Each structure stands twice: as structure tokens, then as C-alpha cells.
Amino acid sequence: MDDNISLLAAQAAAPSVTVNAALDEALRALDRRIEVLAEALQVEYLGPGIGMLDMDAEHVFRLAVRHHVWDVAHAGWGVKVCDALPNGGLRPMWPIHGVGRLRKQQLVRALPAFFQGYVTAVAAAGKAGTPAGRELQALAESFG
């Protein structure tokens, strides 16, 4: 397990998430890693909600793995925090490292559930045995 994944797994299991430069860099590295895996797998997955700490708004923004279109020059497979309301069309709102401080804490806490769900979606698509599927499984196991 690399240092970035170790840091994220420890933070996900901690009573409180410490948002700092190291966490931001770990999320950037995870984002790049998931882009590569998502491109290889090409399996869509609508993950857990990323609400705010004291609001019942987990359904509004959710982690989503899919082919995202940011603008006419930037598109590709990856994970983003998306608008999950019925009229939102899973529009990508933020990269995982780009959310605000409070939402970042929720995002890190959601990583274990995100990975378990993504592994399940990949297995259902018959891609668990691929190199990318096995790497995703290893990532999920890092989060417990």
C-alpha cells in the first residue's frame, strides 16, 4: 500500500478527518489512480452521497464513476462529485480533491463504502478478473 492510500485509509477510519496539504495531495493521487482504472474498466458506478456534516443532504451530491464531460476540451473516465438531483444529470461539480473543507471530511469517510460499491459494480460487469479489476480490489481492501 502506498503512502497516499495509507493516509486516506487511516483518515477514513479516524474519529475526525484532518484536512491539510497532505490529505489534498493524497486525494489528488487517488483521483489520478482512479482515472486510469476507470478508463480501463469503463464501468459506471453511482456511489455514496457526499453531504454536509449537519444537513440531511447526502442525496444532493454523490460520488460517480463514469465518462465525465467538464467542458469541450476536458472529458474522460474518472470519479467526480456530481449533482445527483433528478434534473442534475450527474453533472460533475468537483474533483474529489476540489471539494470544500467540510465536504472533504465527508468524502474521506465515504471512501470505504465507495470502494466496496465500485468493486461490486465491476464484478457485476464481469471485469473483476482484469488487471484493473484486481487493482481496484486491492485498493478496496486497503480501506478495510
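Counting Lys and Arg as +1 and Asp and Glu as -1, each charge on the Cβ, what is the dipole of the chain about the Cα centre in debye, to the nearest 20?
Working: 13 positive and 15 negative charges, 24 e Å.
It works out to roughly 120 debye.
Residues within the reach of a label modelled at V36 (point 7 angstrom out along Cα to beta-carbon, backbone nitrogen below 19 Å), restricted to region 81-113, are 96-97.
Near L90, within a Cβ-to-Cβ distance under 11 Å, what is the net charge of the other residues, with Lys and Arg +1 and Asp and Glu -1? If you can, show how the numbers build up before the last one.
Working: positive: R62, R66, K80, R91; negative: E44, D83.
Net charge around L90: +2.
Accessible surface area normalised per residue over the chain is 49 Å², counting heavy atoms of protein chains with a 1.4 Å rolling probe.
Over the chain, calculate the relative contact order: mean separation of alpha carbon pairs under 8 Å at least 6 apart, over the residue count, as a percent.
Numbers: 241 pairs, mean separation 37.7, N = 144.
Relative contact order, the chain: 26 percent.
Could you please state how large a percent of the accessible area of the chain is carbon and sulfur, counting protein chains only and using a 1.4 Å probe?
55
Relative contact order, whole percent, for region 59-140 stands at 19, derived from Cα pairs under 8 Å and 6 or more residues apart. From the alpha carbon centroid of region 19-54 to that of region 65-144 is 5 Å.
Compared with the alpha-carbon gap, the fully stretched path from E44 to D71 is longer by 7.8 nm at 0.36 nm per residue. With each label modelled as a point 7 angstrom along the Cα→C-beta vector, the A113-A21 pair spans 3.3 nm.
Structural size metrics of region 3-143, computed from C-alpha coordinates, are Rg and Dmax of 14.2, 41 Å. In the chain the longest region clear of GluC sites (Glu not before Pro) that are loop-assigned by DSSP and have at most 16 other C-beta atoms within 10 Å covers 59-144.
The values are calculated or read from the model by the stated rules, or taken from the named source; none is laboratory data. Here the structure is a predicted model, which is why all the values come from computation and not from measurement. We place every Cβ from the backbone using ideal geometry, glycine too, and count neighbours over all the protein chains shown. Only protein heavy atoms, including side chains, enter the accessible area calculation; ligands, DNA and RNA are left aside. Shrake-Rupley method; radii C 1.70, N 1.55, O 1.52, S 1.80 Å.
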